[in-house]
1. Inspect segment 60-69 for any residue being of a type in the set (D, E, K, R), within 17 Å of Leu200 (Cα to Cα) and outside any loop (DSSP other than H, G, I, E, B) and give the result as yes or no.
2. How many residues does segment 21-40 hold that are open to solvent by 10 Å² or more (accessible area, probe 1.4 Å) and in a helix (DSSP H, G or I)?
3. Is it the case that some residue within segment 217-237 is crowded, with 18+ Cβ neighbours inside 10 Å and under 23 Å from Gly47 (Cα atoms)?
4. Does Phe172 qualify as being within 16 Å of the chain's Cα centre (by Cα), in a strand (DSSP E or B) and of a type in the set (A, V, I, L, M, F, W, C)?
5. In segment 21-36, how many residues are under 25 Å from Arg101 (Cα atoms) and touching a helix residue (DSSP H, G or I) at 6+ places or on another chain (Cβ under 6 Å)?
6. Which pairs turn up if I take residues in segment 170-190 that are farther than 19 Å from Leu77 by Cα and look for partners that are buried (at least 21 other Cβ atoms within 10 Å of the Cβ) and basic (Lys, Arg) with beta carbon separation below 9 Å, at least 6 apart in sequence or on another chain?
7. Can you tell me which residue among Glu83, Glu65, Glu129, Glu70 is among the acidic types (Asp, Glu), within 17 Å of Val10 (Cβ to Cβ) and at pLDDT below 95?
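The values are calculated or read from the model by the stated rules, or taken from the named source; none is laboratory data. Here the structure is a predicted model, which means the values were calculated and not measured. With ideal geometry, Cβ positions are generated from the backbone for all residues, glycine too; neighbour counts draw on all protein chains shown. Quick note on the areas: whole protein, heavy atoms, side chains included, nothing else; ligands and nucleic acids left out. Shrake-Rupley method; radii C 1.70, N 1.55, O 1.52, S 1.80 Å.
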Amino acid sequence: MTASQKTGLVVTAHPGDFVWRAGGAIALHTAKGYRVKIACLSYGERGESQFAWKKAGVSMAAVKEQRRDEAQRAAELLGAEIEFFDAGDYPLRGTEEILGRLVDINHELKPSFVLTHALADPYNIDHPEATRLAQEARIIAQAAGHKPDPNRAYSAPPVFLFEPHQPEQCDFKPNVILNIDDVWEKKRAAFEILAAQKHLWEYYTRVALNRGMQGGRNSGRSMTYGEAYQRLFPMVLEELA
């Protein structure tokens with residue numbers, strides 16, 4: 001990473017989450033020269049691997065290996081790097097070691113933005129746990145007294161929450177629509193790497209089309225595919241236009 005290179009951090013609970021919900025943003029920014037790193041907290045081996053468990057006699061280790069391989073290949077296709085934490089899923093539980101590593105990643109990467117899950121999700125408690133870890137790491141990384149370094153420059157990056165599976169139930173109110181037309185084919189190709197969750201391929205294609213329609217209506221510009229985000233902190237502007 002060069003001193004001037006912009007960066008992005010994605011904190012995801014499971015391998016599929018970063019593809020369905022933020023694959024467009026990842027591909028769009030890596031194409032612009034950003035270094036994007038994905039912190040994948042679990043392999044989604046229990047609850048996020050429906051079709052992997054259809055094979056007779058399959059083991060937990062085999063499911064985890066399949067999901068790791070899928071996530072690695074999807075990240076590479078989108079142009080990102082990925083680090084795995086193996087925190088388990090259903091339930092996912094953060095540890096001091098995981099939190100500490102996320103803080104270190106914030107210091108190392110100095111992200112220009114952070115993408116993570118919605119604040120609430122009554123259908124999947126792993127998701128808000130990932131958000132909690134992402135938020136806590138961002139806060140601790142700002143503390144001058146945490147691993148003090150007088151030469152360290154760090155400013156708190158904006159946080160964008162990506163769209164949950166059932167947004168109305170998660171109090172998700174998007175205020176950012178990202179146009180992903182230029183990278184849609186790459187995002188769709190990443191879907192098809194995730195064989196363990198093939199039941200979601202068409203669902204998230206429809207979500208992208210719906211958000212594209214919404215983005216077009218709100219911008220007055222032609223747009224087919226979009227991703228929705230909720231910006232967590234206010235923007236600071238010099239003028240409103």
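1. To start, the set of residues in segment 60-69 that are of a type in the set (D, E, K, R) comprises 64-65, 67-69.
Now restrict to residues that are within 17 Å of Leu200 (Cα to Cα): 67.
After this cut, where a residue has to be outside any loop (DSSP other than H, G, I, E, B) as well, the list is 67.
Checked segment 60-69: at least one residue is of a type in the set (D, E, K, R), within 17 Å of Leu200 (Cα to Cα) and outside any loop (DSSP other than H, G, I, E, B).
2. Going through segment 21-40, the residues open to solvent by 10 Å² or more (accessible area, probe 1.4 Å) turn out to be 21, 28-35, 37.
Those left that are additionally in a helix (DSSP H, G or I): 21, 28-31.
Selection size over segment 21-40: 5.
3. Step one: list which residues in segment 217-237 are crowded, with 18+ Cβ neighbours inside 10 Å, which gives 223, 225-230.
Adding the requirement that they be under 23 Å from Gly47 (Cα atoms) leaves none.
Taking every residue of segment 217-237 in turn, none turns out to be crowded, with 18+ Cβ neighbours inside 10 Å and under 23 Å from Gly47 (Cα atoms).
4. Values: within 16 Å of the chain's Cα centre (by Cα): yes; in a strand (DSSP E or B): no; of a type in the set (A, V, I, L, M, F, W, C): yes.
So Phe172 fails the test.
5. Here the count works out to 4.
6. Once the first residue is farther than 19 Å from Leu77 by Cα and sits in segment 170-190, its partners that are buried (at least 21 other Cβ atoms within 10 Å of the Cβ) and basic (Lys, Arg) give Pro174/Arg211; Ile177/Arg211; Leu178/Arg211.
7. Numbers: Glu83 fails: at pLDDT below 95; Glu65 fails: within 17 Å of Val10 (Cβ to Cβ); Glu129 fails: at pLDDT below 95.
When all the criteria are applied, what remains is Glu70.
One line per residue, one yes/no per condition, for (1) touching a Ser or Thr at 6+ places or on another chain (Cβ under 9 Å); (2) open to solvent by 20 Å² or more (accessible area, probe 1.4 Å); (3) in a loop (DSSP other than H, G, I, E, B):
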position: Ile105; (1), (2), (3): no, no, no
position: Arg132; (1), (2), (3): no, yes, no
position: Ala137; (1), (2), (3): no, no, no
position: Ile140; (1), (2), (3): no, yes, no
position: Pro150; (1), (2), (3): no, yes, yes
